[in-house]
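Novice: I'd like to ask you about the structure that follows.
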Amino acid sequence: MTADLTGTYLTLDDGRPAVRFSRTYDHPVERVWQFVTDADELAHWFPSRAEIELRLGGTVTFSGDPNMRDSTGRVIAVDAPRHLSFEWAGDEVHFDLVALDEGRTRFTLTNVLVAENTAARNGAGWEVCLAALDAHARGERFEGPHAGAGAPWKEFYDGYVAAGLPSGAPVPGLDA
């Protein structure tokens, strides 16, 4: 079985590598904003518990991921309910929300990478996380990044490597 890859690898105008994902949700922008800013909503799909102080320069506290140490990041941009960017382990994570017709929202996640060789690894990880967000948005339960070895991460990773995304970075929880 081949994984259905939804991410795109790109080089930003400033030369930094990134992976980008886009979805459309049948919810108004204010509801999708909750999915990406409320710690209890994020717990359904984000790999770590993330508590976000929603202001420029605010602290983002990451905890509870068995494969990473607890850490903090910083909010680098916020324009509620349309945009949130924060630093996380050297990377940047950007959420962009656009209100569409009939109460729907276009959601775009861009992970600006500190190292190019993390593209396949991070792309695979976001696939699993976003599958959980997709399910949560439909009112369904899906373990996603919290499924441990049962998550389909490796299938996505192999797909991204085969597609030519830069790879080779250590994988937390798998590489010593």
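The values are calculated or read from the model by the stated rules, or taken from the named source; none is laboratory data. Here the structure is a predicted model, which means the values were calculated and not measured. So basically every Cβ, Gly included, is an ideal-geometry build from the backbone, and we count neighbours across all protein chains shown. Protein only, heavy atoms only, side chains kept; ligands, DNA and RNA dropped before computing areas. Shrake-Rupley method; radii C 1.70, N 1.55, O 1.52, S 1.80 Å.
Novice: Scan the stretch 120-139 and give yes if some residue there is farther than 23 Å from residue 44 by Cβ, open to solvent by 30 Å² or more (accessible area, probe 1.4 Å) and modelled with pLDDT of 95 or more, otherwise no.
Specialist: no
Novice: Next question. Quick check on residue 12: is it open to solvent by less than 20 Å² (accessible area, probe 1.4 Å) and either farther than 20 Å from residue 159 by Cα or touching a Ser or Thr at 6+ places or on another chain (Cβ under 7 Å) (or both)?
Specialist: The answer is no for residue 12.
The rows are residues; the columns are (1) touching a His at 6+ places or on another chain (Cβ under 6 Å); (2) more than 29 Å from residue 158 (Cβ to Cβ).
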{"position": "84", "(1), (2)": "no, yes"}
{"position": "96", "(1), (2)": "yes, no"}
{"position": "100", "(1), (2)": "no, yes"}
{"position": "108", "(1), (2)": "no, no"}
{"position": "113", "(1), (2)": "no, no"}
{"position": "117", "(1), (2)": "no, no"}
{"position": "123", "(1), (2)": "no, no"}
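Novice: So, in the stretch 11-36, of the ones that are farther than 14 Å from residue 108 by Cα and part of a strand (DSSP E or B), which residue ends up nearest to the chain's Cα centre (by Cα)?
Specialist: The qualifying residue nearest to the chain's Cα centre (by Cα) is 17.
Novice: A further question on this structure: Return yes or no: is residue 75 open to solvent by less than 30 Å² (accessible area, probe 1.4 Å), modelled with pLDDT of 95 or more and aliphatic (A, V, I, L, M)?
Specialist: For residue 75, the condition - open to solvent by less than 30 Å² (accessible area, probe 1.4 Å), modelled with pLDDT of 95 or more and aliphatic (A, V, I, L, M) - is met.
Novice: Here are 78, 36: which of them is under 30 Å from residue 159 (Cα atoms) and out of contact with any His (no Cβ under 8 Å at 6 or more places or on another chain)?
Specialist: 36
Novice: If you don't mind, another one. Take the conditions modelled with pLDDT of 95 or more, surrounded by 14 or more Cβ atoms within 10 Å (Cβ to Cβ), of a type in the set (Phe, Trp, Tyr) and within 14 Å of residue 129 (Cβ to Cβ) and apply them to residue 86. Does it pass?
Specialist: No, not satisfied.
Novice: I'm trying to understand the selection: among the residues of the stretch 38-48, which are in contact (Cβ under 8 Å) with a residue 24 or more places away in the chain and either open to solvent by 20 Å² or more (accessible area, probe 1.4 Å) or part of a strand (DSSP E or B) (or both)?
Specialist: Once the filter is applied, which keeps residues that are in contact (Cβ under 8 Å) with a residue 24 or more places away in the chain and either open to solvent by 20 Å² or more (accessible area, probe 1.4 Å) or part of a strand (DSSP E or B) (or both), the stretch 38-48 yields 41, 44, 47.
Novice: Here is a follow-up. Among 165, 130, 113, 97, which is the only one that is touching a residue at least 40 places away in the same chain (Cβ under 8 Å) and farther than 17 Å from residue 19 by Cβ?
Specialist: 97 is the lone residue from the list that is touching a residue at least 40 places away in the same chain (Cβ under 8 Å) and farther than 17 Å from residue 19 by Cβ.
Novice: Within the stretch 95-112, count every residue that is buried (at least 17 other Cβ atoms within 10 Å of the Cβ) and of a type in the set (Ser, Thr, Tyr).
Specialist: Matching residues across the stretch 95-112 total 2.
Novice: Condition first: among the β-branched types (Val, Ile, Thr), under 29 Å from residue 34 (Cβ atoms) and either at pLDDT below 95 or open to solvent by less than 70 Å² (accessible area, probe 1.4 Å) (or both). Can you find one or more residues in the stretch 146-163 that meet it?
Specialist: Of the residues in the stretch 146-163, the ones among the β-branched types (Val, Ile, Thr) are 161.
So of that shortlist, the ones also under 29 Å from residue 34 (Cβ atoms) come out as none.
No, the conditions are met nowhere in the stretch 146-163.
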